[in-house]
Amino acid sequence: MNGMNGMNGMIGVLLAGGRSARMGRCKQALPWIRDGHSTTVVAAAHDTISPHVGSVFITVGLHAPAIRKSLGERAATFLDVDPEGSMLDSARAGIEAALAADASRIILHLSDHPAVRQSTIERLLDGDAASFDFVHPRCEGRGGHPIVLSSSLAVRILDEPLADGLRSARDLPNVRVRVVEVDDPGVHLDLDTPDAWGAGLRSI
């Protein structure tokens, strides 16, 4: 797969390798509503980033069969990761695959964040965004997802210790950070528990 064939080298990475322990079942396969249509959580997250990238890599672990089924016919390359590993481990697996596919920039998104608006993605990518290494949305004073990484920072993420996970990448020397203010609660909507999932559905 060659990411340079589409979207100017922009590649998507969707993290779906966790155990969904607090949900008690595969959260990515739960029902969701996107643009008025019935879908699943992971499919909605995929549809958030797929219009903007040449290809999508998805990290999967314990719930890989359910996640694959939940995506239907959507195009993606699946990467098996250790479900006991950290989010940083999963992110590094996706980043490594994206770089191997010639990514010039990477949209890194979480599979349990299905409510991010397309307008937010467009704002993360517009203007002079390409001149920054780490671009992320902020709503009501809090940062959220997805994030957009330059290829140069992505390479460093593979090698640096990053004690506080991906957040630490912002603080590496000479990293150019861009914060995009948005009015989009979806950048925070994290479906980790049954209550969060129910509240999210009611908010649509």
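A few comments on the model shown:
- Those residues of segment 113-159 which are small (Gly, Ala, Ser) and touching a His at 6+ places or on another chain (Cβ under 7 Å), in sequence order: Gly143, Gly144
- Residues satisfying the criterion are absent from segment 71-79 (criterion: among the hydroxyl-bearing types (Ser, Thr, Tyr) and at pLDDT below 95).
Yes or no, residue by residue, for (1) surrounded by fewer than 21 Cβ atoms within 10 Å (Cβ to Cβ); (2) under 11 Å from the mean Cα position of the chain (by Cα):
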{"site": "Met10", "(1), (2)": "no, no"}
{"site": "Leu15", "(1), (2)": "no, yes"}
{"site": "Cys26", "(1), (2)": "no, no"}
{"site": "Leu30", "(1), (2)": "no, no"}
{"site": "Ile33", "(1), (2)": "yes, no"}
{"site": "Ser55", "(1), (2)": "no, no"}
{"site": "Gly61", "(1), (2)": "yes, no"}
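- Filtered residue count, segment 79-110, keeping only those that are of a type in the set (Gly, Ala, Ser) and either in contact with a Lys or Arg (Cβ under 8 Å, 6 or more places away or on another chain) or over 22 Å from Gly54 (Cβ atoms) (or both): 2
- Residues that are among the polar types (S, T, N, Q) and under 21 Å from Ala93 (Cα atoms), drawn from segment 129-156: Ser150, Ser151, Ser152
- Among the criteria (1) crowded, with 21+ Cβ neighbours inside 10 Å; (2) assigned to a strand (DSSP E or B), the one Phe78 does not fulfil is (1).
- The single condition from (1) touching a helix residue (DSSP H, G or I) at 6+ places or on another chain (Cβ under 9 Å); (2) surrounded by fewer than 23 Cβ atoms within 10 Å (Cβ to Cβ); (3) not in a loop (DSSP other than H, G, I, E, B) that Ile95 fails is (2).
- Close pairs from segment 54-79: first closer than 17 Å to Met23 by Cβ, partner part of a strand (DSSP E or B) and small (Gly, Ala, Ser), Cβ under 7 Å, at least 6 apart: Val60/Ala16; Ile67/Ala16
- Taken together, Asp164, Asp184 contain a single residue that is at pLDDT 95 or above, more than 19 Å from Val13 (Cβ to Cβ), acidic (Asp, Glu) and out of contact with any Leu (no Cβ under 8 Å at 6 or more places or on another chain), which is Asp184.
- Meets criteria (closer than 15 Å to Asp112 by Cβ, in contact with a Ser or Thr (Cβ under 8 Å, 6 or more places away or on another chain), at pLDDT 95 or above and not in a strand (DSSP E or B)) for Ala45: yes
- Contact annotation: residue pairs with Cβ atoms under 7 Å, 6 or more positions apart or on different chains, pairing a residue in segment 113-132 that is surrounded by fewer than 21 Cβ atoms within 10 Å (Cβ to Cβ) and charged (D, E, K, R) with a partner that is part of a helix (DSSP H, G or I) and at pLDDT 90 or above, are Arg117/Gly186.
- The numbered conditions (1) in contact (Cβ under 8 Å) with a residue 60 or more places away in the chain; (2) farther than 27 Å from Ala163 by Cβ; (3) touching a helix residue (DSSP H, G or I) at 6+ places or on another chain (Cβ under 9 Å) are all true for Ala44 except (3).
- Residues of segment 179-203 satisfying the condition of being surrounded by 12 or more Cβ atoms within 10 Å (Cβ to Cβ) and either on the phi > 0 side of the Ramachandran plot or in a loop (DSSP other than H, G, I, E, B) (or both): Val182, Asp184, His188, Leu189, Asp190, Leu191, Asp192, Thr193
The values are calculated or read from the model by the stated rules, or taken from the named source; none is laboratory data. The structure displayed is predicted, hence computed values, not measured ones. For neighbour counting, all protein chains shown are included, and Cβ atoms are generated from backbone atoms with ideal geometry for every residue, glycine included.
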